[in-house]
Structures are given as structure tokens and as C-alpha cells.
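Since the structure comes first, as C-alpha cells, the remarks are kept for the end.
The values are calculated or read from the model by the stated rules, or taken from the named source; none is laboratory data. As the structure is a computational prediction, the values presented were derived from the model and not from experiment. Here the Cβ positions follow ideal geometry from the backbone for every residue, glycine too, while neighbour counts run over all protein chains shown. Side chains included, ligands, DNA and RNA excluded: accessible areas come from the protein's heavy atoms. Shrake-Rupley method; radii C 1.70, N 1.55, O 1.52, S 1.80 Å.
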Amino acid sequence: MLMNEYTRRKFLQVTGGVLVASSLGFPGIVGAAARKVVVIGGGTGGATAAKYIRMADPSIEVTLIEAYPEHFTCFFSNEVLSGHSSMDAIKVTYDRLKGHGINVVFDTVTEIDATGKKVKTAGGASFAYDRCIVSPGIGFKDNIEGYDKAAMNAMPHAWTAGEQTVLLRKQLEAMPDGGVVAIVAPPNPFRCPPGPYERACQIAMYLREHKPKSKVMIFDAKDKFSKQRLFTQAFERHHAGFIEWVAAEKGGLITRVDPSSNTIYAGDTAHKVAVANVIPAQKAGDIAVKAGLTDDRGWCPVDGRTFESKIQKNVHVVGDSADASPLPKSAYAANSEAKVAALAIVALLNGRDPGEPSLINTCYSIVGPDDAISVAKVYHLADGKLSGVDGSGGLTPTDSSPEMRSREVQYAKSWFANIKEDVWG
């Protein structure tokens, strides 16, 4: 059931991790014998988990291992493509996390020894742990013929923010007016389900202003997508003639690419385009696969109460790599999962019961000038499985006013600032 404007506003004001914190509680134990937690990955999930463990129990030693000294958030990176934001705006560092007493190590994890409870890095270091948190983001599947690592330089996915985002933006700037920008949307499940369709809106805004003879075509591996009715309204309201969505059953399933000619193929049908943004099917991050944390679907099954792996004991997986269905693979879900895992680990290391968690997801999509839509929901454990709470959250109403959608833009920007502070502040 859709919420009215007041209910949605109150929901978004009172969430943001409050349910997670109140359901598990902060033990606040200090002075215990040193326990060690190693966190792999400094994105939303890993950084949140590291920070909240230290906040809950400063006696626990936390080491965060991250490959790069700067992180670029995937959320709000679509705005860089439209020129409405910058790479600096989505950049965060780890300086303030160090202020929480977290040992931040810039290195690449090469091995998780679950038996010996050690993490090894490319730099030759070894870190012992009592509990390990793995949050490596996503990896890509080979579901499109011809789309390999070399092809990514010609047909960027930009589904991990950073160099790929810059490359796609440069291609948009360099393309001739009258060209087609192809977005190849992946099959479920994947990081940020509304992302390809928000991206289409952002690119269309750029094209309308700078290359008005051009258009965006979304070639989809699916026949339906997240927030579809709301996005379709936005396509018609702001981007008529600039965005075309092609469902899988209508020829949208891309099976092969030729980077040398910038051509994508739906079966035998070729589409030569000016810019190809190819987003392949996804799986858990490479270190999770290498460590044997994934099942035959390519994701990491976890206990929804603690996010401990169902395959390897004392190893917890949060964020996009975790199979936490029905939670989507989103930044806010990763933030919420990380808080559950962090507080569960603190409880377990102090001999306490982890309690019953509640989790939250909220996702905003800016779809036009001064126009945004959103979805929000609360999740809890039911019969040992995560499930959505009936009547919680909801979608932006399809009959929402321009004033309400304008406020959603402000909510989105506030959310962006708040989650960056919560995670890396």
C-alpha cells in the first residue's frame, strides 16, 4: 500500500539505522581481553561495520583492509554522468575512520584462511582474527560474449564508481550529436536495481542540453524493472523522445558485443551505437568467491540474524556480496546489514545473545530537473528468514505533485550527506 506524503516523510526521518541499534543494543563493554576483527573492503558495508564495532566496544581491535586510499561512492555517481555533480563530490577517504581507533591498511586481500582464522594480503602481511567481515562489493559474470576486461575500456560499465565513471562521462562528451547511447541493463539480482533507469534519466538530461538530436536506448535482460511505473512516468514527463526502453522479450537481451565497432547484438540483430554502457550480470566480489563463501548462484548465503556465512564459521558477509534477499543490493541496505553484523559480533565476542534485528532500505532516484522518486521498506526476521514488514515504507505515489517530487530531491541530497557522514565520518 502506498503511503501518503506525511507518513513517508516521518518514515524517512526516523529510520537511518535507529531500528537496528534499538533492536540489538550497544553492549558498551570495555576492558575485556583484546579481541580482533578484520574487515575486508572499505565501501559502505565494510566501513560501517568497522566504525560501529568500535563505537559499540572500543576494546575490540578492528583492522580495515582496503585496496585504495580513496573511495568513490556508486550512489550519486549517475549525477556525474549528467554533469550535475563531480567526482570530488562522491569521493571519501578513511582519515576520519582512523580517528575511531580503526587500523586502516591499504592493501589487497589475497586469501582468507577460515581454518587458521587469518587474512593474507598481496603486500605479504597476515592478520589474525576472531571474527572476519567480508564486504568486497560485486564481481561480474561472463554472460555477454566479447565483454571482457579489455572491452570494459571501450564499453565501460561504470558500475563501480571511479575510473569507469570518468571514462563513460568522457565518452558522452565526445560523442557526436545524433548518436545513440546504449545502456545494457543486467539480469537480476544486481547492485542498485533502479540504477540503470536513473542513469538513463541523468544521461537524457545531459543530451537534451548539449546533444538534442541524440537518444538513450535501454536494452534490458528483463521484462520488468524496479520502480518501473514511476520511471515510465518520468520518461514521459521529462524525456519523451530521448529514452527508449527495450524489454528482453522485445529484443532487449544483449548476448554479444564487438568493442572494435561499438556494436551490441541481441541475437543476430546488430545495433551500432555511439556510446555503449554495458552492465554485465553480477556475482559476489572476487575474494568472496576465492574464499569459498559463495553458492552455485554466485552470492554468499548468510544467517540473517548475524550475517555470519552459512558456509564458513566466524566469517560475516555484508553488502552487495551477501544473499540477504528480499533486501535489495543497495547502499542503504549495506549500511543496515553492516550495523546488524557489527552489533551481533560485539555481542558474540562478549558472550551475549545477538538479539533479533530489524533492517531498513531507502533508495532515491533523481529522474529529472528538480524531480526525484523513492522507495523505502523495513525488514525483520520471520521464522528465521528476512522478510519485509507489511505496511512499512512504500513508493513515491504515482499521483505525487511536482512539489512533493521536488522535496524528494532535497531528501535525496540530505540522505547522501548523512550516509557519507554515518559511514566514513
Debye intensity ratio I(q)/I(0), log10, the range 327-425, q values 0.19, 0.21 Å⁻¹ (C-alpha model):
-0.99, -1.11
Taking the Cα atoms of the range 142-198, what is the range of coordinates along each of the three principal axes, in descending order and whole Å?
33, 26, 23
Roughly how many percent of the accessible protein surface of the range 161-319 is carbon and sulfur, given a 1.4 Å probe and a whole-percent answer?
49 percent
Peptides 146-155, 196-205, 219-228, 71-80: what's the order by average Cβ count within 10 Å, highest mean first?
196-205, 71-80, 219-228, 146-155
Kirkwood hydrodynamic radius (Cα pairs, Å) of the chain?
22.1 Å
So what's the net charge close to residue 303: Lys and Arg +1, Asp and Glu -1, counting the other residues with Cβ under 15 Å from its Cβ?
-2
Relative packing of 366-376, 123-133, which averages over residues the other C-beta atoms within 10 Å, highest first:
366-376, 123-133
Which entries of 149/310; 141/272; 170/250 have Cα-Cα distances beyond 28 Å here?
149/310; 170/250
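I want the antiparallel fraction of DSSP beta bridges within the chain, as a percent rounded to 5. Present the calculation step by step, with values, prior to reporting the outcome.
Numbers: 38 of 72 bridges.
Here the antiparallel bridges make up roughly 55 percent for the chain.
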Pick from 289, 318, 216: which residue has the top mean-square fluctuation in a GNM of the chain where Cα pairs under 10 Å get a spring?
289
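Could you grab the Rg to Rh ratio for the range 50-208? Cα atoms only, Kirkwood for Rh.
Numbers: Rg = 19.1 Å, Rh = 18.4 Å.
We get a ratio of 1.04 for the range 50-208.
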If you count only protein heavy atoms with a 1.4 Å probe, what accessible area per residue comes out for the chain, rounded to a whole Å²?
40 Å²
Across 5 Å bins from 0, what is the distribution of all Cα-Cα pair distances for the range 303-385, in whole percents?
3, 14, 24, 22, 15, 9, 5, 4, 3, 1, 0
Average projected area of the Cα convex hull of the range 33-85, in nm²?
4.4 nm²
Under the Kirkwood approximation for Rh and a Cα-based Rg, what ratio Rg/Rh is obtained for the range 98-176?
1.12
Environment charge at residue 55 (Cβ cut-off 12 Å; Lys +1, Arg +1, Asp -1, Glu -1):
+1
